[in-house]
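What follows is a single structure, written as structure tokens, with notes after it.
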Amino acid sequence: MSIGSMPTANRAPAGLAQHEQPNAGPGAPLGVLFAPSVPLDPRTRTLRFIWLFCAAIGPLLIGIAWPTAYGLYALLALATAFSYGTYPARPQGRLPVLLIAQVALIAVLLIAHENDRPTLINLVSIAVGSMALGGLALFLPSDRLGLERTFRGFRIVCSLLIVSGIALGPVLARLFNFSNPIEDLMTGDRLRIFVPDTGHSPLLDSAIIFLMLATSNLLGEKRLTRAIWGGTAVILIRLAGSSIGYIGLLGCIYAFGMEASRISSRIKNGLHIIVCVAALIILPTHADDILLNLRSFQTGGNVSEVYYRGDLTAGRSSLNQQLLYEANEHPIFGSGIDSSVIRYGALAADGTKLALSESGLRLAAKYGWPYFFVVVMICLSPLLTLSTRDRSVRTLGVSMAIYCCTVLAFNSLFEFAHAWSTLAFMPLVLLLAGYGRRKG
């Protein structure tokens with residue numbers, strides 16, 4: 001029975017979205033991983049559960065064999081196709097327009113790089129991921145209750161990933177090319193789960209999600225509960241030993257403090273935009289000083305220890321200079337992925353590697369400035385939540401935008417569709433932008 005043909009007595013009360021129904025009592029479905037007080041439409045509940053399931057098994061599967069990520073995207077696409085035409089309200093936002101622009105640019109880049117097979121494969125994979133996640137977000141509710149349920153479920157997934165990643169770490173390290181988190185803890189090295197010795201660990205992203213929800217109070221939890229989640233996040237960030245984590249921590253504190261202040265909304269909004277844009281400009285150009293200081297702090301002020309551990313993140317400003325030169329040489333379509341700086345990172349004259357090839361400017365060097373700016377706008381799109389007066393949503397949106405800009409500057413966020421951060425964070429970014437557009 002469609003929503004429109006439901007009897008009046010069974011219609012959702014005023015104030016709830018059309019796809020939400022009042023509590024049907026003890027026999028109502030619990031809605032796995034979601035607040036059970038207002039059951040969701042079964043199709044919506046199933047679609048969200050499938051995405052959370054993919055996010056839960058994604059790190060393991062992608063770590064073992066990255067092509068399995070596209071099997072997860074196929075599953076999401078099938079689930080979305082099942083919901084097409086049956087969902088009573090399709091929220092529209094600005095971010096899907098950006099995704100359309102991204103896919104359109106990819107179509108042009110496919111023509112420009114028609115003779116570069118590796119680049120063509122990479123572009124097609126990005127388009128597949130963007131379309132699957134964009135379709136998913138189109139059918140997930142982006143109202144206040146929808147945000148609460150999605151982030152509550154995602155926090156549970158992150159908790160399961162951390163516990164299972166640490167508990168199964170020694171076994172996975174023996175079977176696959178994963179780091180051993182138990183050894184990391186014993187040796188004082190960076191704590192990582194489901195990744196090799198190098199790589200962006202899901203543990204860091206999970207910790208930041210804990211902190212975002214604790215500082216924003218999106219879920220309306222008690223202060224003690226929020227303090228426990230926040231304290232856990234800080235401990236995990238310290239154990240992860242990532243510069244991105246420390247900057248994300250500062251971003252959450254900034255968003256919480258600024259939104260709690262009595263400064264006018266216009267001034268706040270302007271400052272939030274400036275901070276996000278500054279992160280994109282300052283972090284790459286001053287990467288050496290920032291990273292070296294953070295690494296020294298992590299090793300107790302011992303700079304020699306940073307070099308002893310072979311830390312290749314210091315020297316990234318040199319990498320960014322080379323990437324910037326490459327991007328300006330091919331400003332419209334980029335040079336593809338065959339450039340030496342893309343493949344090998346920054347090299348000294350004697351061939352010594354100065355930095356890993358991780359930087360947001362890789363996107364500009366590979367695919368040109370237009371594509372890079374579209375990705376930047378996607379990362380900034382959670383700032384659309386500034387159109388609402390809901391302080392919790394505003395704080396969460398600002399924290400998410402700062403973190404996305406930081407990861408883009410240091411680690412090239414959304415560069416690969418088969419990265420767990422893309423599978424996990426893109427829907428969250430889409431939903432926050434959709435909420436802001438609804439309230440704007």
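The values are calculated or read from the model by the stated rules, or taken from the named source; none is laboratory data. For clarity, every value in this text was computed on a predicted model and none was experimentally measured. Cβ placement follows ideal geometry from the backbone for every residue including glycine, while neighbour counts extend to all protein chains displayed. Note: accessible area is taken over every heavy atom of the protein model, side chains too, but ligands, DNA and RNA are not part of it. Shrake-Rupley method; radii C 1.70, N 1.55, O 1.52, S 1.80 Å.
At 0.36 nm per residue, minus the direct Cα-Cα distance, what do I57 and A81 gain on full extension? Give it in nm, one decimal, please.
6.5 nm
Carbon and sulfur atoms: what percent of the 1.4 Å accessible area of region 136-203 do they account for?
Here it works out to 62 percent.
Given a cut-off of 19 Å, what percent of all Cα-Cα pairs of region 104-170 lie beyond it?
Here the tail beyond 19 Å accounts for 60 percent of pairs.
When all alpha-carbon pairs of region 226-287 are counted, what percent fall beyond 13 Å?
Everything past 13 Å amounts to 70 percent.
Step through the residues of region 245-256 one at a time and calculate ³J(HN,Hα) from phi using the Karplus curve (6.51 cos²θ - 1.76 cosθ + 1.60, θ = phi - 60°), rounding each to whole Hz and writing x for Gly and Pro.
x, 5, 5, x, 4, 4, x, 5, 5, 4, 4, 5
Mind giving me the nanometre distance, one decimal, between the label points for I111 and E221, set 7 Å out from Cα along Cα→Cβ?
Between I111 and E221, the label points sit 5.1 nm apart.
Give, rounded to the nearest 20 debye, the magnitude of the charge dipole that region 115-177 has about its Cα centre when Lys and Arg contribute +1 at Cβ and Asp and Glu contribute -1 at Cβ.
200
Could you state the accessible area per residue of region 138-204 in Å², with a 1.4 Å probe and every protein chain left in place?
42
Multiplying the sequence separation of L271 and A167 by 0.36 nm and subtracting their Cα-Cα distance, what value in nm do you get?
Gain in length upon complete extension: 33.2 nm.
From a point 7 Å beyond the Cα of R391 in the direction of its Cβ, which residues of region 258-275 have a backbone N at a distance under 20 Å?
258-273
Which whole number of Å³ per residue matches the convex hull of the alpha-carbon atoms in region 89-223?
In region 89-223, the Cα hull volume divided by residue count equals 157 Å³.
Pairwise over distinct Cα atoms, reciprocal of the mean inverse distance: report the Kirkwood radius of region 152-208 in Å, one decimal place.
Averaging 1/r across every pair of different Cα atoms and inverting gives 11.3 Å.
So which trypsin sites (Lys or Arg not before Pro) in region 219-264 end up in coil per DSSP with only 10 or fewer other C-beta atoms within 10 Å?
Taking region 219-264 and a limit of 10 other Cβ atoms within 10 Å, the loop trypsin sites (Lys or Arg not before Pro) found are K222, R262.
Region 100-146 to region 191-270: how many Å between their Cα centroids?
The distance from the Cα centre of region 100-146 to that of region 191-270 comes to 28 Å.
Which order do you get for V195, V234 if you rank them by accessible area with a 1.4 Å probe, largest at the top?
Ranked list, largest accessible area first: V234, V195.
Once the piece of chain linking R174 and L250 is laid out straight, how much longer is it, given 0.36 nm per residue of separation minus the C-alpha distance between them?
This chain segment gains 23.7 nm when fully extended.
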